[in-house]
Amino acid sequence: MDIERDLNDALRRREAPAGFASRVMARIESGEADAPAAHPERKPWRAIAAAILLTAVLGGWAAHQESERRAGERARDEVLLALRITSEKLHEAREQVNEIGTNH
Amino acid sequence: MRKYAFFLLTIFLALPASAQRINIDIPGLAERAAEVIDVTLDAQMLRVASKFFSSRDSDRAVREMVNGLEGIYVRSYEFDKVGEYDRAIVDRLRSQLGAEWKKIVNVRSRDRENVEVFLHMRGDAVRGLFVISAEPRELTIVNIVGPIDIDKLGSLEGQFGIPKMSMEKGKQ
Amino acid sequence: MTAVFTEAAIPEGLLARAREGDHSAFAGIVEEQEAMVFSIAFHFFNDRSRAEEIAQDAFLQLYRSLGTIESESHLVHWLRQVTTRRCIDSMRRTRLRAVSIDEVAELAGPQRVADPLLERKLRELVAGLPETQRLVVTLRYQEDLDPAEICRIVGLPVNTVKSHLHRALRALRRKLGDQ
């Protein structure tokens, strides 16, 4: 086992919850944060428009990338994941049964 | 009357597959979970997946097992806090199981997980597997539909990260 | 589930516009950096709601401090530093008991790379490390920073950072090796 590689996988960056940036901007718009030093000109509609555009572009791009090969490989990975989860749960159940047997 | 008989026959023919398929989708649970593993593979997707296993022995073993199956469904939810899912969910899942389902393992632990393993039996043949694993912060449900060979599942041990195990069939 | 991220570069001119009070520019900075900030806090606490709270506060603090940010690279360093400090402050404020690695749930069986279950268990183990080890491991393996960069963020000598990393890895290896 290469623990450093596994840590890289386990601790890779994760997406912030959906709408995170909007919630930050809403708190700023509500005046919760002090305005920055220079020209506090507020254009919230531009942030909202940018977020919508970004979502649309990324969504369209992601959908376009879907291919039969990737679907097949994903299905294969999911089969392995499912078998691994199943086997692990059965294994854990057996371990507990053994423990109970040993204690009595 | 003939129409009625045909209707009954259709239901009867459809029954074997649907009796092993359990509804494991729990509305609203995924939204409350911090992390969700959702595997939904029907027969068609399993056929697609089987083409992506190589001819190596280890891959072949999985392909042979998968080829006979009609579906693999897994839901695993991890929660931030203890008590974020209703334990009655487990009772509702269990209540879907008909008389053909035999419970082969039932482990209850106050501190660790509760695990229940059911096999759908037709004669001596295993036609389905259902596992519920309930931990304070994690709920995992597995439903495999179709002929599953527990020995074959055991033969995959040590491969693809599948832990070593050996289930004794029929043991309570 | 999780997503793969590359180092998010802040587009040219975005910082300057944000400093001038352009909210859409600041929103752009938040969108570029939210995954990094959220992930540091998430890997520290293994708790999404707490991570979001800390990440939001870090961005509000950034908004207030825009005048002091000198460059795009300074902004990224500043965010990492503020997020790590906020994690430690939050932990001390709520007086959470630091869970010893020996108390964390056992792992099951040999594991597969890029396996969601292994990742979940590893995150639990990391979240159970003592707080400084936890931060150092997160910055090393999430942000891919070397010990010299980490010491600038956490304010410890480089040899101390290396020692924390070494001890954390040894503890994690021991725990995984027991399986």
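What follows is calculated from the coordinates using simple rules that are stated; it is not laboratory data. Keep in mind it's a predicted model, so treat the numbers as computed, not measured. We place every Cβ from the backbone using ideal geometry, glycine too, and count neighbours over all the protein chains shown.
For the range C:11-96, what is Rg from Cα atoms divided by 2.2 N^0.38 Å, rounded to two decimals? Taking the Cα Rg and dividing by 2.2 N^0.38 Å, one obtains 1.09.
Within the range B:62-157, none of the chymotrypsin sites (Phe, Trp or Tyr not before Pro) combine a DSSP coil assignment with at most 15 other C-beta atoms in a 10 angstrom radius.
Under the combined filter of DSSP loop state and at most 11 neighbouring Cβ atoms within 10 Å, the range B:34-105 retains these trypsin sites (Lys or Arg not before Pro): B:Lys51, B:Arg56, B:Lys81, B:Arg87. Computed from the C-beta positions of B:Ala61 and C:Val158, the FRET efficiency with R₀ = 60 Å rounds to 0.75.
When peptides C:152-162, C:82-92, C:28-38 are ranked by their average number of other Cβ atoms within 10 Å per residue, the highest-first order is C:28-38, C:82-92, C:152-162.
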